[in-house]
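Structure first, commentary second.
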Amino acid sequence: AQSVTQLDSHVSVSEGTPVLLRCNYSSSYSPSLFWYVQHPNKGLQLLLKYTSAATLVKGINGFEAEFKKSETSFHLTKPSAHMSDAAEYFCVVSDGNQFYFGTGTSLTVIP
Amino acid sequence: DSGVTQTPKHLITATGQRVTLRCSPRSGDLSVYWYQQSLDQGLQFLIHYYNGEERAKGNILERFSAQQFPDLHSELNLSSLELGDSALYFCASRAGRSGANVLTFGAGSRLTVL
């Protein structure tokens with residue numbers, strides 16, 4: 001069975017400080033993992049994906065995530081937050097057919 | 001523009017009514033997924049179609065139905081609407097059954113039931 005747990009429902013950071021959004025997954029085999037971002041009243045946009053290549057995955061807008069099998073984690077990071085990063089972020093695991101979404105983390109960026 | 005088109009963008013209707021939401025996937029994508037997003041339930045998977053055939057069902061109510069047509073567009077039919085059906089409904093498409101394993105989302109259809 002596949003599932004993801006996003007450990008924080010809300011994260012607040014100051015502009016220019018690092019961002020860390022945490023995600024743990026459960027999968028019976030090597031999963032595909034994704035992060036999606038949703039800005040207010042918009043659709044979900046793919047930030048990055050892991051599909052068993054390099055464990056450090058770089059995405060759009062300066063985001064990256066590291067796949068750690070031993071910790072079953074796929075945390076999303078960014079060195080310096082920007083006001084435009086304020087949004088809802090979803091961690092997703094896929095078994096190749098279905099996609100299992102986390103409950104989302106709302107990121108607030110304080111000016 | 002993601003390439004996935006959803007219509008209408010906004011829809012306001014009354015309880016007991018029926019509505020149809022439409023989704024055109026990205027050119028060449030065979031799979032269509034429907035999701036419901038509400039404040040209290042989060043993002044819920046409804047149903048998945050691949051090349052016209054139903055592949056998986058999630059938390060889809062019996063009052064809801066969907067289909068995917070030969071031209072690959074899909075429609076989600078919601079009937080006997082209740083206040084609790086008010087939500088954002090997203091469609092997402094994917095290239096093949098398992099290849100190019102990325103979902104591309106449309107902008108959503110916001111349904112308000114009064």
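We did not get these values from a lab; they are worked out from the coordinates using the rules stated. Keep in mind it's a predicted model, so treat the numbers as computed, not measured. Cβ sites come from the backbone with ideal geometry, for glycine too, and all protein chains shown count toward neighbours.
Taking the number of Cβ atoms within 10 Å of each Cβ as an exposure proxy, the fewest-first ranking of B:62, A:66 is B:62, A:66.
You can think of it this way: the chain between residue A:8 and residue A:98 has 30.0 nm of extra reach, that is 0.36 nm per residue less the Cα-Cα gap. Listed by Cβ neighbour count within 10 Å, with the fewest neighbours leading, A:7, B:21 appear as A:7, B:21. Charging the Cβ of each Asp and Glu at -1 and of each Lys and Arg at +1, and nothing else, the dipole of chain A about its Cα centre rounds to 160 debye. Cβ crowding within 10 Å, taken as a proxy for footprinting-reagent exposure, orders B:91, A:23 from fewest neighbours to most as A:23, B:91.
For region A:30-89, the Cβ-based charge dipole about the Cα centre amounts to some 120 debye (Lys, Arg positive; Asp, Glu negative; other atoms uncharged). Evaluated with a Cβ-only charge set (Lys, Arg +1; Asp, Glu -1), the protein assembly as shown carries a dipole of roughly 240 debye about its Cα centre, given to the nearest 20. Output the antiparallel fraction of DSSP beta bridges having both residues in chain B, as a percent to the nearest 5. Counting DSSP beta bridges with both partners in chain B, the antiparallel share is about 90 percent.
Work out the charge dipole of chain A with +1 on the Cβ of Lys and Arg and -1 on the Cβ of Asp and Glu about the Cα centre, then indicate which of A:27, A:51, A:102 is farthest towards its positive end. The one lying farthest along the dipole's positive direction is A:51. Our note on the geometry: Cα centres of region A:1-30 and region B:1-22, 31 Å apart.
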